[in-house]
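Q: Pasting a structure here, questions to come.
Every number here is computed from the coordinates shown, using simple stated rules; none is lab data. Note that the structure is a prediction, hence the values are computed from the model and not measured. Heads up, the Cβs are rebuilt from the backbone with ideal geometry, glycines too, and the neighbour counts pull from every protein chain shown.
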Ligand SMILES: CC(C)(COP(=O)(O)OP(=O)(O)OC[C@H]1O[C@@H](n2cnc3c(N)ncnc32)[C@H](O)[C@@H]1OP(=O)(O)O)[C@@H](O)C(=O)NCCC(=O)NCCS
């Protein structure tokens, strides 16, 4: 069986609630968390998910969207979760969600949602095939279907921009 047709469950590579404690040096001039730091943390966690899924070296190809829906502040604990939503030939969409937890009260708020595309590279440094994902839960299926909509939109935009040249 070739790599692409080996199906893997989402749970085999997902990361649940990777913790990062926010300290004063993580803040912007407005005293909320610096967005670039959150982007970097998400990229690292999503990279681990893509490498676990593909068992290959992976690179970030693009970020479709990165929504900061609420701020986090000094003393909050960030909980970063990420999973493969869908794979194609050599690329994978990884969805990332970040919550900010007040670890004293247990209160949590959703602060970020983002979609990354990673590409797996072979020994020749060229894109190589990755296993398919096998969505099992209703939530995994919803994300799997949403990922195709986002990819179609991305390819359409790329084609339109190419045709403008
Ligand atoms: C991502 C990269 C490997 C793609 O290489 P390429 O030679 O353009 O590859 P191809 O055109 O054959 O496309 C390979 C796959 O990448 C996907 N891809 C390429 N550019 C993409 C982009 N901007 N966004 C999303 N997916 C992209 C293609 O859709 C294709 O997916 P598929 O195989 O699942 O259909 C290459 O552009 C690269 O190395 N970029 C730099 C990555 C990097 O340095 N990242 C930051 C540090 S990790």
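Q: I'd like the residue in the stretch 113-152 that is touching a residue at least 12 places away in the same chain (Cβ under 8 Å) and assigned to a helix (DSSP H, G or I) and, out of all such residues, is farthest from the ligand (Cβ to nearest atom).
A: Looking at the filtered set, the residue picked out is 140.
Q: Another question, if that's okay. I need a count of the residues in the stretch 85-112 that are more than 12 Å from the ligand (Cβ to nearest atom) and either touching a helix residue (DSSP H, G or I) at 6+ places or on another chain (Cβ under 8 Å) or not in a strand (DSSP E or B) (or both).
A: 12
Q: Of all residues in the stretch 122-134, count the ones that are touching a helix residue (DSSP H, G or I) at 6+ places or on another chain (Cβ under 9 Å) and surrounded by fewer than 20 Cβ atoms within 10 Å (Cβ to Cβ). Show your work before the answer.
A: Initially, the stretch 122-134 is screened for residues touching a helix residue (DSSP H, G or I) at 6+ places or on another chain (Cβ under 9 Å), giving 128-134.
Subset that is surrounded by fewer than 20 Cβ atoms within 10 Å (Cβ to Cβ): 128-129, 132, 134.
Matching residues across the stretch 122-134 total 4.
Q: Further, regarding this structure: Return only the number of the condition from (1) within 16 Å of the ligand (Cβ to nearest atom); (2) over 17 Å from the mean Cα position of the chain (by Cα); (3) surrounded by fewer than 18 Cβ atoms within 10 Å (Cβ to Cβ) that residue 57 does not satisfy.
A: For residue 57, the exception is condition (2).
Q: Being without any contact (Cβ under 8 Å) to a residue 40 or more places away in the chain, out of contact with any helix residue (DSSP H, G or I) (no Cβ under 7 Å at 6 or more places or on another chain) and within 13 Å of the ligand (Cβ to nearest atom): is that true of residue 40 here? Please lay out each step first, then the result.
A: Numbers: without any contact (Cβ under 8 Å) to a residue 40 or more places away in the chain: yes; out of contact with any helix residue (DSSP H, G or I) (no Cβ under 7 Å at 6 or more places or on another chain): yes; within 13 Å of the ligand (Cβ to nearest atom): yes.
Yes; evaluated as a whole, the condition is true for this residue.
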